[in-house]
Each structure stands twice: as structure tokens, then as C-alpha cells.
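The values are calculated or read from the model by the stated rules, or taken from the named source; none is laboratory data. Computed from a prediction, not measured in an experiment: that's the story for all the values here. So basically every Cβ, Gly included, is an ideal-geometry build from the backbone, and we count neighbours across all protein chains shown. Side chains are part of the model used for accessible areas, which takes the heavy atoms of the whole protein and leaves out ligands, DNA and RNA. Shrake-Rupley method; radii C 1.70, N 1.55, O 1.52, S 1.80 Å.
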Amino acid sequence: MSPTVALLRVDRYEAQLLDERLAALLAPWGGMAAFVKPGQKVLLKPNLLTGNRPGKECVTRPDLVAAIARLVRQVGGEPFLGDSPAFGSAKGVAIASGYGPMLEELDIPLVEFRGVRQSTDSPAFQHLRLSREALGADVVINIPKLKSHVQLTLSAGVKNLFGCVPGKMKAWWHLEAGKDRDRFGEMLVETARAIAPALTILDAIVAHEGNGPSNGEPRSLKLLAAADDVFALDQACATLLGLNELAVPTLAAAARLQLQHPTLHYPFLDAGDCRILDWRQPDRLVPIDFGAPRILRSTLKHLYIRLIKEPFQAYARSSS
């Protein structure tokens, strides 16, 4: 049976419109109640890449996350927010990205991810170090931003779950697996399989094209997508953007592991019919591998943001 990918037009991040379109988007499965039962702890996992690119659409819009949280609450679930940004803390990036009013208004807890060793069934990776909070949630709702990516070509559902690798372990994976593009892609796929999101909702109302994931430009696509199979969602994204799946390490790895699908079921819009003919890909791909000097610089930058910049910004806000 072909997995379902729901794709709908949404032209703006307005609360009432998002509530209505999200309800319609999830109707093929029977609504949010098909994924969340009363009393369940539900991790909302947006893309909180950075707070240093305001207006560049590098992160999932808080308006969309708020609408999803409202739906979760309506069916009796208990939402909480979490991520592990490459630089800084989840709280620091969330506040810098405009999440503060939403978190306060809806009283949604925000957690910092801590690592735990997780065994896998993969012969290539006997274990992974992943977020204790993500693995412990009753339900994970993955909420990526559709972006181009200078290392991986595409950042969507699977890549967003790399945020469940805590702290600087992400940099270590670039050092350890980054020398082999296929191995790095397979690590991302196995991470997605281990986290096993029940639902992925893609923010492509305004996407990020060009030299992503943070140095590109906003691109209005006016689309929301949802799938209960994160690999199907990414497959649909490749079709939508006209990408060669074998050129995207996560899609190529999913194909090798027989996680791709010969056909997808589109109850609304078909990704092929909505194809973006002028999507701007990265100007050039850069190596996935992080050498030791880059790891050191990355670690120092992370510590500076967490220990100096974020506390100073918090103090400035409290004093204003």
C-alpha cells in the first residue's frame, strides 16, 4: 500500500487559517486524534537551526508550531518543544527566532536535549547517541522547514531529525562519517528510524533556497505537507523540487535500505503537478567532512554562544 503524503496550499502564517488548513491536511488519517491519544507526552521537533538569521526563514515558523500544539491539546495530548541546535541552546535559539510569546501564551515547556546510547538494528551503526527526551516521548511530531542544503542538497524531514543528536555529537558525526557521503546519509536515515516520528508536518509556506541551510534566501512556496512516513515526505519533496534522488544522500541511503516507495498516494495536490521549476539549488556542494580545526572552531563558537552571548541577551531583555 502506498504511503500517503498530504499537500495543500497555504499562503500565510495566520492563526485561524493555519488551524483550518492543518485540520484539512490531517483529515486523510482521521485528524490529529489518529496520532495522539489523551494524556500522551508529545514532542514537537521544529528546525531551530540558528537565531542569527532573522528574516531568512532558516527555522520553522513559531506560528505553525503553535497551530500544531493547539491541535495536540484539542485531542488531549501534552505538547512540549525540544531541539539541539548546532550553536547555542534550544531556548536561546527559540527566543531569538520569535518563539517566546508563543511558548508563554500556550504554556509549552521547552527542553534541552540530553544524550543517551541507543541500540539499533543497523549493521553499520550498532548504536547511536540520541536525545533521551525524543526517545522517551510518547509521540514525536517532526516539523521541518523545507530548505536547500550545501552539503546534502535537501533538508526536510530526515535531516531535521539530526537535531535529535545532542550537542556537539553532530560535529563528531561530520568528522567520523563525513568522509563517506553514503555512510553519512545512512547515519541520518538510521537516526530517523530510531526516533520514528509518528507524523511529519513540513513548513514550505515560505521555504529557504540557494545556499542553505542558513545562507540562502526565503522562497514563498505557499505549501504545507504532512506524512506519517518521513521517508515518503522527503521523496515527495524531491519530486516537488525536481531533484535527482540519488544526488541527495538521505534519499539515496533510504533507497539502499529499501525505505523508498515506488508510488505515493496524494489525497490532495500531487507533488509532480506542483513542481517548482526554478528552485535554486546550492551554488556548489561543499564537503560533509569536518576536519579537526573546524571541530575546534565550532566547539568554541558553541561555548561562546551558550556561556556568554545568550546569558548577556537574557540579561538585556530582563533589564529593558
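Annotations
- Of all the listed residues (Asp121, Asp107, Asp180), the sole one being open to solvent by 60 Å² or more (accessible area, probe 1.4 Å) and at positive phi is Asp107.
- Top-ranked residue of segment 248-297 - restricted to ones that are assigned to a helix (DSSP H, G or I) and either over 21 Å from the mean Cα position of the chain (by Cα) or over 25 Å from Lys170 (Cα atoms) (or both), ranked as modelled with the highest pLDDT: Arg256
- Cβ-Cβ under 9 Å pairs, at least 6 apart or on other chains, segment 134-153 side buried (at least 23 other Cβ atoms within 10 Å of the Cβ), far side of a type in the set (Phe, Trp, Tyr) and assigned to a loop (DSSP other than H, G, I, E, B): Ala134/Phe113; Ile141/Phe35; Ser148/Trp279
- Among the residues of segment 198-208, some residue qualifies, meaning at least one is open to solvent by 10 Å² or more (accessible area, probe 1.4 Å), in contact with an Asp or Glu (Cβ under 8 Å, 6 or more places away or on another chain), in a loop (DSSP other than H, G, I, E, B) and at pLDDT 95 or above.
- Flag for Thr263 being open to solvent by less than 10 Å² (accessible area, probe 1.4 Å) and touching a residue at least 12 places away in the same chain (Cβ under 8 Å): no
- Only residues that are modelled with pLDDT of 95 or more and in contact with a strand residue (DSSP E or B) (Cβ under 8 Å, 6 or more places away or on another chain) were counted across segment 171-197, and they come to 6.
- Qualifying residue in segment 286-293 (condition: aliphatic (A, V, I, L, M), open to solvent by 10 Å² or more (accessible area, probe 1.4 Å) and in contact with a strand residue (DSSP E or B) (Cβ under 6 Å, 6 or more places away or on another chain)): no
- Qualifying positions in segment 267-284 - within 18 Å of Ala24 (Cα to Cα) and open to solvent by 40 Å² or more (accessible area, probe 1.4 Å): Pro267, Phe268, Leu269, Asp270
- When segment 129-165 is limited to residues that are farther than 21 Å from Glu57 by Cβ and in a strand (DSSP E or B), the one that is modelled with the lowest pLDDT turns out to be Arg129.
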